[in-house]
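FYI, it's all coordinate maths here, none of it is from the lab. In this text, all values refer to a predicted model and were calculated from it rather than measured experimentally. Positions of Cβ are backbone-derived with ideal geometry, glycine not excepted, and every protein chain shown enters the neighbour counts.
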Amino acid sequence: MQILRKIEDGLMYVGADDHKISMFESTLEIAHGVSYNSYLFLDEKTCLMDTADQDVTRQFLENVEGALGGRKLDYLVIHHMEPDHCYNVSAILSRHPETKVVSNAKVFTFLRQFFPEMDFSSRSIVVKEGDSLSLGRHTIRFYLTPMVHWPEVMMSYEESEGLLFTADAFGTFGTLDGNLFASDVDFDRELLGDARTYYTNIVGKYGSSVQMAFKKLPLDKVKMILPLHGPIWKEKEIPYILDKYQKWSTYTPEKKGVLILFASMYGDTENAAVYFANLLAEKGVKDLHVYDLSRTPMDELVGLSFEYSNIALFAPTYNLTLYPSVDTYLTDILRMGLTKRTFTLVGNGTWAPVERKLMVEKLSTGRGNTILPTELTILSALKKEDLPVLNQMAEEVVDSLK
């Protein structure tokens, strides 16, 4: 059965929810599924904005045909070539041999790579920066936004209604379940964590590309943002999500607070991390959270690291190397370009305590982060003589938060 939603006159939502997926791109753990968004203009000409993933093919195709109601499909616009959005290009074009594919030159290069059996030569419309497509009442103008977050990505702006189609930008994990608009839910409570995890792990490395896109897009005229994942943003909510993207893409912490991350084999390093958390709480730090690096999904930890100004790492040495989950965590945040953060580092060890030294070396491969100066390496377990040093470290954190 088709599931359609009217966004406004002449524009339908024809995407679908995937409740079964648990690993996005086989690497990111997601708890609440994901939506694959697609939109259909019904004007003098019809125009489908992107397709959907293979896991929702049946629902997606039923939606498209139901919305068309027997009309032909004049255009298919492709903003982004990842398979979760372009998988059904072949299915759509086989059902609609009259359809012209509209996109930029790089997209057509990728189309030929993904669909080598298909001939696009007679049905392609190649657009450049600033080109437009008239559907009748609606006119779509195209903006090239490479590396947000693939090199072929473009966005499009419908001029009469102020609709901005943003590919993967401004999206979030989580199914819609009928809540088509961000205003339909308590976004801060229900989806902000998913949105942050989505951005930081998918787009996070490309903050400068997001900033370049901001400079060219007509953001002052936009009345609605329509991403390829997650809810649609209406005009009143747009400043909220723009503010988040401004912070995330410039690596500016959302909060002055402390994220304490520990790895612990037998509980002694965990004990030190929790003791440190209590010291901070006693000194008045309110926004304070402790996570186990070995048990919290790494994509969630990357998102949290974009959120907080201060990060405290407590970890034991492991066979003269970085503890595995610590190594993975530091690799991930550096790979995503995280900067402007203040780190507190505490190592532990019994016969070769080099973890703190190794954490410093790893962090030094990045740029723009600060490591607070007081050093502590615990020998096996926290002792009374360590407590004044931990207290001094807590004072450094409090001062840095000011």
> Can you work out the FRET efficiency for the pair Thr370 and Thr296, with r the C-beta to C-beta distance and R0 = 22 Å, to the nearest 0.05?
Replying inline: 0.40
>> Which of the three applies to segment 258-396, rounded, prolate or oblate, going by the alpha-carbon gyration tensor with a ≥ b ≥ c and a/c under 1.5 meaning rounded?
In response: rounded
> Too long at a 27 Å Cα-Cα cut-off: which of Lys247/Lys362; Lys215/Lys402; Lys106/Lys247; Lys100/Lys236?
Replying inline: Lys215/Lys402; Lys106/Lys247; Lys100/Lys236
>> 7 Å from Cα along Cα→Cβ at both Glu25 and Thr139: what's the point-to-point distance in nm?
In response: 3.6
> So for segment 258-396: antiparallel DSSP bridges make up what percent, rounded to the nearest 5?
Replying inline: 5
> How far is the Cα center of segment 149-172 from the Cα center of segment 183-211, in Å?
Replying inline: 15
>> Using 0.36 nm times the number of residues separating Lys286 and Leu4, minus their current alpha carbon distance, what extension gain do you get?
In response: 97.0 nm
>> For a protection proxy built on the mean count of beta-carbon atoms within 10 angstrom, sort 92-105, 143-156 highest first, please.
In response: 143-156, 92-105
> Local charge sum around Ile21 (other residues, Cβ-Cβ under 9 Å, Lys/Arg +1, Asp/Glu -1)?
Replying inline: -2
> If each residue's Cβ is checked for other Cβ atoms within 10 Å, how do Tyr87, Tyr266 rank with the fewest at the top?
Replying inline: Tyr266, Tyr87
> With r defined as the distance between the Cβ atoms of Lys128 and Asp220 and R0 fixed at 22 Å, what FRET efficiency is calculated, to the nearest 0.05?
Replying inline: 0.40
> Mind checking the dipole of segment 1-89: about its Cα centre, +1 per Lys or Arg Cβ, -1 per Asp or Glu Cβ, Debye to the nearest 20?
Replying inline: 300
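By the gyration tensor of its Cα atoms, with a ≥ b ≥ c the square roots of the eigenvalues, what is the shape of segment 95-135: rounded for a/c under 1.5, prolate for a/b over b/c, or oblate?
oblate
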> From the residues Ala182, Val14, Val397, which one has its Cα farthest along the dipole of the chain in the positive direction, the dipole being from +1 and -1 charges on Cβ of Lys/Arg and Asp/Glu about the Cα centre?
Replying inline: Val397
> Straight-line reach from Lys45: which aspartates and glutamates have a Cα under 19 Å away, not including same-chain ones fewer than 8 places off?
Replying inline: Glu8, Asp9, Glu65, Asp74, Glu98, Asp131, Glu158, Glu159, Glu161
> What aspartates and glutamates could a cross-link reach from Lys340, if we take a straight Cα to Cα line under 12 Å and drop same-chain neighbours fewer than 8 places away?
Replying inline: Glu254, Glu307
> What FRET efficiency would be calculated for the residue pair Glu117, Lys72, taking the C-beta separation as r and a Förster radius of 22 Å, to the nearest 0.05?
Replying inline: 0.40
>> Report for the chain the percent antiparallel among DSSP-assigned beta bridges with both residues inside it, nearest 5.
In response: 45
> Given Cα pairs under 8 Å that are at least 6 residues apart, what percent is the relative contact order of the chain?
Replying inline: 11
> What ratio of Cα Rg to 2.2 N^0.38 Å holds for segment 54-122?
Replying inline: 1.08
>> Multiplying the sequence separation of Asn319 and Lys234 by 0.36 nm and subtracting their Cα-Cα distance, what value in nm do you get?
In response: 25.3 nm
> By counting other Cβ atoms within 10 Å of each Cβ, how are Ile125, Ile311, Ile7 ranked from fewest to most?
Replying inline: Ile125, Ile7, Ile311
> Given Pro83, Ser132, Phe114, which one lies farthest toward the positive end of the charge dipole of segment 80-135, if we put +1 on the Cβ of every Lys and Arg and -1 on the Cβ of every Asp and Glu?
Replying inline: Ser132
> Where a ≥ b ≥ c are the square roots of the eigenvalues of the C-alpha gyration tensor, would you call segment 97-238 rounded, which needs a/c under 1.5, or, failing that, prolate if a/b is larger than b/c, or oblate?
Replying inline: prolate
> Which value, in debye to the nearest 20, gives the size of the charge dipole of the chain about its Cα centre, when Lys and Arg are +1 and Asp and Glu are -1 at the Cβ?
Replying inline: 880
> Cβ under 11 Å from Ala263's Cβ, Ala263 left aside: what net charge do those residues give with Lys, Arg +1 and Asp, Glu -1?
Replying inline: -3
> Tell me, Kirkwood radius of the chain from alpha-carbon pair distances, in Å?
Replying inline: 22.9
